[in-house]
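A.B. asks: Let me give you the structure first, and then I'll get to my questions.
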Amino acid sequence: MPVRSCLIPLTAVFAMALAAPAPAQMIREQKVITSAGARAMVEACTSWAEKNRMVLAMSVLDWAGNLVESHAMEGAGANSIDTALLKAKSALRWRRPTSEMNQVVRSGQNLAPTFMHDFPQPGALPIMVDGDMIGAMGVSGADGEKCAQAAIDAVFKK
C-alpha cells in the first residue's frame, strides 16, 4: 500500500514536467554593450568631434538604461554631461533618434515625451546591432547625432 501512495504523486510530478515548457523557451539571449565597446564609441566620437572642431560631451547607456561610459571633452559646458545623458535616455526609451522625437513633439503628434520627463532634443541615437537595440548614445552640442553615428559606424559596422 505505501508504494502505491508514493507512485500517484510521483506520476503527477512527471506529468507536470512533461507539460511544462522547456527552459530554452523561457529565456532569451540579450546582446549587451561592453564597457570596452562603450569606451571605443566615446573615443570614436571624440575623434570625430576633434576633426570637426567641436567640443562635446557624450554618454553611452546599455539596453536597460545603465550608464556604461560618459566623457566630456576639455572645455565642455557644465551641463553637457547631463544633457548627453538625458538625450541618451530619451533615445533608449523611444527607440529612435531624438531628432525624430523632437519633430513628433513639435508637430503635436505625441506630447508624451514632454510630460514623461524626456529630453527630445537632437543629439542621441539608439545603438542597433543585428536588429537588436543594445543601448543608446547621447551627445551634447551641435551635430550630436552625426557624432553618435560616426561612433556607431566605427565600432559596430566594421
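A.B. asks: Can you tell me which residue is nearest to the chain's Cα centre (by Cα) among those in region 31-85 that are of a type in the set (V, I, T) and farther than 27 Å from H117 by Cα?
C.D. replies: We begin by selecting, within region 31-85, every residue of a type in the set (V, I, T); these are 32-34, 42, 46, 55, 60, 68, 81, 83.
When the remaining residues are screened for being farther than 27 Å from H117 by Cα, the result is 34, 46.
Numbers: T34: 12, T46: 19 Å.
Checked region 31-85; the qualifying residue nearest to the chain's Cα centre (by Cα) is T34.
A.B. asks: Do we have G65 as in a loop (DSSP other than H, G, I, E, B), touching a residue at least 24 places away in the same chain (Cβ under 8 Å) and surrounded by fewer than 17 Cβ atoms within 10 Å (Cβ to Cβ) here?
C.D. replies: yes
A.B. asks: Answer yes or no: is there a residue in region 40-53 that is out of contact with any Pro (no Cβ under 7 Å at 6 or more places or on another chain), crowded, with 19+ Cβ neighbours inside 10 Å and among the charged types (D, E, K, R).
C.D. replies: No: zero hits.
Computed from the coordinates by the stated procedures, all read-outs in this text should not be read as laboratory data. The structure displayed is predicted, hence computed values, not measured ones. Ideal geometry is used to build each Cβ from the backbone, glycine not excepted, and the neighbour counts take in all protein chains shown.
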